[in-house]
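Asks: The following block contains the structure, expressed as structure tokens.
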Amino acid sequence: MPFESLSIETLGDIYIGLLALAILLYAILDGYDLGVGVLLPPREEAFRDDMIASIGPYWDANETWLVLAVGLLLFAFPDAHSVILQTLYLPATLMLLGLILRGVSFDFRAKVAQVKKRRWDLSFKYGSLLTTLAQGYMLGIWVTGLRTDWWAQGFALLAAFGLTAAYAFIGSCWLILKSESALQEKAIYWARRGLVVLSIGIIAVSIANLTLHENVRELWLTSHWGFVLMAIPIACFCLLSFCGVILKRMPATNGKGEKLPFMIAMTVFILCFTAFGLSYYPFVVPGQMTIADAISDANSLRFLLVGAVIVVPCILAYTFMVYRIFAGKAEKLTYY
Amino acid sequence: MDAFILSRLQFALNISFHILFPTITIALGWYLFYFKLRSNISGHPVWMRMYRFWVRVFALTFALGVVSGVTMSFQFGTNWPGFMEKAGNVAGPLLGYEVLTAFFLEATFLGIMLFGIRRVPNWLHTLATLIVAFGTTVSAFWILSLNSWMHTPQGHEIVDGVIYARDWSEIIFNPSFSYRFAHMLLASGLTASFLIAGLSAYRIFRGDDKIAPRLALKTATYTAAVLIPLQIYAGDLHGLNTLEHQPQKVAAMEGIWETEQGAPLLLFAIPDEESKTNHLEIGIPRGASLILTHSLDGEIKGLNEFEGEHPPVAPVFFAFRVMVAIGLLMLACAWLGSFYLYRNGTLPGWLNKVFMGMSFSGWIATLAGWYVTEIGRQPYLVYGVMKTQDAVTGLPAGNVAFSFALYAITYAVLLFAYMATLTLMCRRSVEIEEITSEEREKAKATKISPLGA
């Protein structure tokens with residue numbers, strides 16, 4: 001068996017790294033297409049067509065990162081998977097319902113009679129919203145260490161709105177990149193508002209986060225690393241303020257800088273995710289279960305690692321290729 | 001009802017709903033690749049017209065498969081945590097490989113296949129179609145490998161009640177895998193063929209006199225005519241394999257309560273679990289022995305040898321008969337249809353209607369087949385190793401009842417919407433003038449007749 005020399009601790013770190021990569025990519029990639037769904041205006045059909053066209057070639061693959069993340073959690077950390085998803089059974093069910101509704105609406109809307117199209121559009125919008133709220137709620141409860149008391153519920157609700165705002169923000173940045181004229185102006189407006197809500201959300205979640213776990217508070221406020229760690233939220237705020245300045249100047253006539261808001265949004269996602277990751281390593285359930293408690297059998301982990309080492313770079317490569325192929329402004333969605 | 005029954009019902013509902021869509025897309029992917037190849041070779045626009053119509057069916061079907069598949073990936077941990085705790089070391093990597101080697105491939109290249117034709121060179125679009133078809137098949141490979149291992153487990157060892165993988169090639173290529181894989185791929189081929197033939201027949205019925213539906217009907221009917229005898233043969237081999245490894249499943253399929261020599265082949269009966277007999281038997285004497293042992297006096301073990309270890313008899317018994325009946329109906333339709341299509345180029349009106357009615361017959365046969373094999377494995381989850389009741393969730397029954405009701409309603413609506421949308425697409429395509437004047441000129445210039453090919 002290859003990778004025989006890797007100890008179970010190293011394997012645990014590799015798999016938590018893979019899991020983190022899958023979740024981060026999911027949050028960014030499905031994040032923007034969920035965000036576009038949440039923003040879908042019920043009254044302007046032309047906008048809806050263009051907005052959905054902008055995510056057409058991507059959403060299937062974006063969602064696959066969720067399947068990979070759940071699969072990795074299930075396989076590498078089965079005990080954590082059981083306890084997390086059994087505690088979060090109802091929100092997870094609602095999230096799945098949301099994903100089902102939006103996924104199928106995407107295809108149904110293009111094929112049904114005009115009168116029914118709006119119904120599927122609404123199902124797309126509210127399916128997306130249900131998904132983002134449920135994901136934020138689940139994230140919140142997970143952060144508290146799967147507590148179910150009122151304080152935890154309140155935090156989870158805050159996280160639900162925070163994550164929805166984050167998705168809406170990255171979604172509007174995506175639209176700035178992919179759309180033109182009227183829709184682009186609308187997207188800039190959405191991005192400005194999203195920016196404010198997101199900033200407030202980040203501050204609120206960060207402060208609330210410090211109240212939850214003793215060791216997290218210690219890490220951020222009193223350890224030597226604290227100074228270095230503090231660079232993350234500061235960088236976040238510099239970037240978001242910079243983004244605010246850019247958005248004010250938009251739309252530029254020559255289309256300059258259209259990529260910047262999306263790049264910034266992506267970087268902010270990565271920074272926030274890193275902050276979370278550093279806070280809770282080596283826990284898979286904060287305060288409750290560590291990587292070592294939950295890790296499965298080393299030989300099976302090695303067997304899948306062979307495939308992952310070969311296949312994951314290929315997946316990243318062809319994903320990149322597809323983004324290159326469909327680069328530039330979105331075209332009207334026709335099955336060619 | 002307790003969480004055990006509800007979890008089983010919910011899992012059955014989810015997986016039954018899910019399998020409908022991959023069953024179509026696996027083979028439809030290869031059909032699309034064939035259409036694309038014919039288009040590349042002949043240059044006749046009709047092949048691209050067929051591609052365009054069926055790729056939209058593919059997209060819709062694929063989307064339903066994806067969303068119900070995402071749901072499936074959550075079910076293992078939420079409803080059957082015991083399965084992953086005990087068998088996760090085997091099941092996990094196989095599922096992991098499915099995601100890594102198949103799901104990303106399908107989902108990513110589907111984007112190019114659907115929306116990329118103006119942005120990429122033609123060869124890349126053809127390649128994307130091939131990759132999507134290949135991806136769906138690879139995904140079937142992994143999931144059937146895992147499922148087969150649950151029927152005929154080997155290559156593992158059990159330490160303190162937990163299963164550890166010992167030899168991966170033994171696990172992946174377990175004794176029932178090749179039979180099950182072939183049986184499922186052929187089932188997919190037949191399901192897609194009858195869907196294409198049925199919907200094309202519907203278009204013709206609605207007065208569509210273009211070339212595309214006639215050509216699609218012909219292609220699908222000929223394909224079905226070739227696949228169905230292969231499927232019957234593969235099914236027979238699979239049955240013999242089951243007799244070797246899971247004799248009680250075969251006993252339930254044939255409704256044999258007591259071990260007997262020269263067992264009859266029952267065409268119909270009502271198995272009675274209480275009295276351990278059948279009522280209203282109609283059968284062919286010695287038929288079962290002949291088929292299963294290739295001897296008129298062959299001994300077949302009855303359910304009496306597996307007291308407390310055999311599956312519920314009636315559902316397995318009836319599901320098996322439903323599957324076989326549809327298989328035979330398919331055989332008759334495909335051969336008769338091929339005969340008429342070859343001789344006259346069209347189907348007689350009555351047969352056209354029969355084909356319309358058979359549009360979704362593949363679904364029924366596939367589900368019935370899966371019920372035979374999955375219910376037939378009970379009371380085990382991993383045959384001989386782990387019982388289903390040892391894997392169940394500790395969730396409150398109320399939660400599972402809530403999610404079950406939610407899924408049932410959603411799926412009922414979606415299934416209705418799916419079938420309604422397919423028929424609407426057919427009706428719409430009747431009115432659309434398929435070949436533009438420019439394409440007609442081009443076709444005239446090259447003087448290729450695809451129907452004569």
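The values are calculated or read from the model by the stated rules, or taken from the named source; none is laboratory data. Every value quoted in this text rests on a predicted model; they were computed, and no experiment measured them. For neighbour counting, all protein chains shown are included, and Cβ atoms are generated from backbone atoms with ideal geometry for every residue, glycine included.
Asks: So residue A:24 passes all but one of these: (1) crowded, with 24+ Cβ neighbours inside 10 Å; (2) at pLDDT 85 or above. Which condition number does it fail?
Replies: Failed condition: (1).
Asks: Of the residues B:83, B:76, B:62, which is at the interface with chain A (Cβ under 10 Å from one of its Cβ atoms), in contact (Cβ under 8 Å) with a residue 24 or more places away in the chain and either crowded, with 24+ Cβ neighbours inside 10 Å or basic (Lys, Arg) (or both)?
Replies: B:62
Asks: Go through the stretch A:268-313 and count every residue that is surrounded by fewer than 16 Cβ atoms within 10 Å (Cβ to Cβ), aliphatic (A, V, I, L, M) and farther than 30 Å from residue A:243 by Cβ.
Replies: Of the residues in the stretch A:268-313, 4 are surrounded by fewer than 16 Cβ atoms within 10 Å (Cβ to Cβ), aliphatic (A, V, I, L, M) and farther than 30 Å from residue A:243 by Cβ.
Asks: Among the residues of the stretch B:255-293, what is the count of those that are of a type outside the set (Lys, Arg), in a loop (DSSP other than H, G, I, E, B) and in contact with a helix residue (DSSP H, G or I) (Cβ under 9 Å, 6 or more places away or on another chain)? Steps first, answer last, please.
Replies: Step one: filter the stretch B:255-293 for residues of a type outside the set (Lys, Arg), giving B:255-275, B:277-285, B:287-293.
Then drop every residue that is not in a loop (DSSP other than H, G, I, E, B), which leaves B:255-259, B:262-264, B:273-275, B:285.
Checking the rest, the ones that are also in contact with a helix residue (DSSP H, G or I) (Cβ under 9 Å, 6 or more places away or on another chain) come to B:255-259, B:262-264, B:273.
Qualifying residue count, the stretch B:255-293: 9.
Asks: Now, a different point. crowded, with 20+ Cβ neighbours inside 10 Å and either facing chain A (nearest Cβ under 10 Å) or within 25 Å of the chain's Cα centre (by Cα) (or both): which single residue out of B:388, B:373 fits that description?
Replies: On the way: B:388 fails: crowded, with 20+ Cβ neighbours inside 10 Å.
Going through B:388, B:373 in turn, just one is crowded, with 20+ Cβ neighbours inside 10 Å and either facing chain A (nearest Cβ under 10 Å) or within 25 Å of the chain's Cα centre (by Cα) (or both): B:373.
Asks: Can I ask one more? From the list B:254, B:244, which residue is charged (D, E, K, R) and crowded, with 24+ Cβ neighbours inside 10 Å?
Replies: Selected residue: B:254, the only one of B:254, B:244 that is charged (D, E, K, R) and crowded, with 24+ Cβ neighbours inside 10 Å.
Asks: Another one. Can you name the condition, by its number, that residue A:254 falls short on among (1) more than 20 Å from residue A:24 (Cα to Cα); (2) touching a helix residue (DSSP H, G or I) at 6+ places or on another chain (Cβ under 9 Å)?
Replies: Residue A:254 satisfies all of (1) more than 20 Å from residue A:24 (Cα to Cα); (2) touching a helix residue (DSSP H, G or I) at 6+ places or on another chain (Cβ under 9 Å) except (2).
Asks: Just one of (1) in contact (Cβ under 8 Å) with a residue 60 or more places away in the chain; (2) under 22 Å from residue B:374 (Cα atoms); (3) outside any loop (DSSP other than H, G, I, E, B) trips up residue B:341, so point out which.
Replies: Exception for residue B:341: condition (2).
Asks: If you don't mind, there's one more thing I want to ask. So if I check each of B:90, B:132, B:138, which one is at pLDDT 85 or above and at the interface with chain A (Cβ under 8 Å from one of its Cβ atoms)?
Replies: That would be B:90, the only listed residue that is at pLDDT 85 or above and at the interface with chain A (Cβ under 8 Å from one of its Cβ atoms).
Asks: Using the structure shown, decide if residue B:40 is crowded, with 24+ Cβ neighbours inside 10 Å and touching a residue at least 60 places away in the same chain (Cβ under 8 Å).
Replies: No: the conditions fail for residue B:40.
Asks: Quick one: which residue in A:323, A:318 is touching a Ser or Thr at 6+ places or on another chain (Cβ under 6 Å) and either part of a helix (DSSP H, G or I) or more than 9 Å from every other protein chain (Cβ to nearest Cβ) (or both)? Step through it out loud before you land on a result.
Replies: On the way: A:323 fails: touching a Ser or Thr at 6+ places or on another chain (Cβ under 6 Å).
Matching residue, one of A:323, A:318: A:318.
Quick grid of which residues meet (1) part of a helix (DSSP H, G or I); (2) in contact with a strand residue (DSSP E or B) (Cβ under 6 Å, 6 or more places away or on another chain); (3) within 14 Å of another protein chain (Cβ to nearest Cβ); (4) modelled with pLDDT of 80 or more:
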residue: B:393; (1), (2), (3), (4): no, no, yes, no
residue: B:401; (1), (2), (3), (4): yes, no, yes, yes
residue: B:408; (1), (2), (3), (4): yes, no, yes, yes
residue: B:414; (1), (2), (3), (4): yes, no, yes, yes
residue: B:420; (1), (2), (3), (4): yes, no, yes, yes
residue: B:423; (1), (2), (3), (4): yes, no, yes, yes
residue: B:438; (1), (2), (3), (4): yes, no, no, no
residue: B:448; (1), (2), (3), (4): no, no, no, no
residue: B:451; (1), (2), (3), (4): yes, no, no, no
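Asks: Within the bounds of the stretch A:220-234, is there any residue that is under 30 Å from residue B:162 (Cα atoms) and modelled with pLDDT of 85 or more? It would help to see each step written out before you state the result.
Replies: In the first step, residues of the stretch A:220-234 are kept if they are under 30 Å from residue B:162 (Cα atoms); the result is none.
No.
Asks: Just checking, does the stretch B:153-172 include any residue being in a helix (DSSP H, G or I), under 15 Å from residue B:19 (Cβ atoms) and more than 10 Å from chain A (Cβ to nearest Cβ)?
Replies: No.
Asks: For the stretch A:207-265, name all the residues that are in a loop (DSSP other than H, G, I, E, B), more than 23 Å from the chain's Cα centre (by Cα) and either among the hydroxyl-bearing types (Ser, Thr, Tyr) or within 30 Å of residue A:193 (Cβ to Cβ) (or both). Write out each step before concluding.
Replies: Just the residues of the stretch A:207-265 that are in a loop (DSSP other than H, G, I, E, B), to begin with: A:211-213, A:222-225, A:250-259.
When the remaining residues are screened for being more than 23 Å from the chain's Cα centre (by Cα), the result is A:211, A:213, A:222-225, A:250-257.
Hits for the stretch A:207-265 are A:211, A:222, A:223, A:250, A:251, A:252, A:253, A:254, A:255, A:256, A:257.
Asks: Say whether the condition of being under 25 Å from the mean Cα position of the chain (by Cα) and over 24 Å from residue A:27 (Cβ atoms) is met by at least one residue in the stretch A:287-302. Let's see the steps before the verdict.
Replies: Initial filter on the stretch A:287-302 (under 25 Å from the mean Cα position of the chain (by Cα)): A:287-291, A:294-295.
With over 24 Å from residue A:27 (Cβ atoms) added as a condition, the list becomes none.
No, the stretch A:287-302 contains no residue that is under 25 Å from the mean Cα position of the chain (by Cα) and over 24 Å from residue A:27 (Cβ atoms).
Asks: List the helices (runs of 4 or more DSSP H) inside the stretch A:38-146, counting only whole elements, that have at least 2 residues being away from every other protein chain (no Cβ under 14 Å).
Replies: In the stretch A:38-146, A:45-55, A:114-143 are the helices (runs of 4 or more DSSP H) which contain 2 or more residues that are away from every other protein chain (no Cβ under 14 Å).
Asks: When you go through (1) out of contact with any helix residue (DSSP H, G or I) (no Cβ under 7 Å at 6 or more places or on another chain); (2) surrounded by 22 or more Cβ atoms within 10 Å (Cβ to Cβ); (3) not hydroxyl-bearing (Ser, Thr, Tyr) one by one for residue B:95, which number turns out not to apply?
Replies: (1)
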